[in-house]
Amino acid sequence: MAGTNPRAARIAALIQRVVASSLERELHDKRLTSITITEVRVTNDLQIAKIYWTQLGHEGKENGERKRARQALEQAKGHLRSLVGSKAGLRLTPQLQFVFDEVPGEAHEIEDILVMARKRDEELARVRANAQYAGDADPYKHDDEPAEDDDDFEDDDIEDDDIDDAGEDFGNVDAESPEAEAQSDER
């Protein structure tokens, strides 16, 4: 398509100018009054030119107007091709194919979606302006703040006897007890 071959891009631009001006000045068909040529793409071998067009229609009558405009373009295709051949000065004039361009209609749909998203964003901004934190505004501890001891007991409350008793519960056996001698004999 156009873009890979500079000559094809130049010819596509020329075809767009010729067809658009011909629709306005030379073809006096009422079905073609609201047609806009949005883009032309020419194959690298310059054999086919796809002409993308769109139409501004009346509310509720777009489909009927589009169908009539497509018929008018098909009827005028031969005349437009001869105009393109005479203005372009090419040995072989490309075959013209008219394709309805859906992009402008889709752009309106996207704009509607963006308007709805902006409204939701504004609503969320209003809610955030009056919002309050469920807890502290900053629930995280920071290094620059002094650490607080949340222990329920202090280290001074633990006695050495408690530590020795805990050691016996975990299998620490005194060397003088008969259990210790039994364990050493097994080894």
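Here, each number is a calculation from the coordinates, and none is a lab measurement. Since this is a predicted model, take the numbers as computed values, not measurements.
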**OP:** For THR43, enumerate residues with amide H under 5 Å from its amide H, sequence gap 5+ or separate chain, H modeled in the peptide plane.
**Re:** ILE48, LYS50
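List the pairs from LYS30/LYS87; LYS67/LYS87; LYS30/LYS67 whose alpha-carbon separation is above 18 Å, in the order I gave them. If you can, show how the numbers build up before the last one.
Numbers: LYS30/LYS87 24 Å; LYS67/LYS87 29 Å; LYS30/LYS67 13 Å.
As for pairs spanning more than 18 Å Cα to Cα, those are LYS30/LYS87; LYS67/LYS87.
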Original post:
With the Cα gyration tensor of the stretch 1-125 giving a ≥ b ≥ c as the square roots of its eigenvalues, does the rule (a/c under 1.5 for rounded; else a/b larger than b/c for prolate; else oblate) give rounded, prolate or oblate?
Top reply: oblate
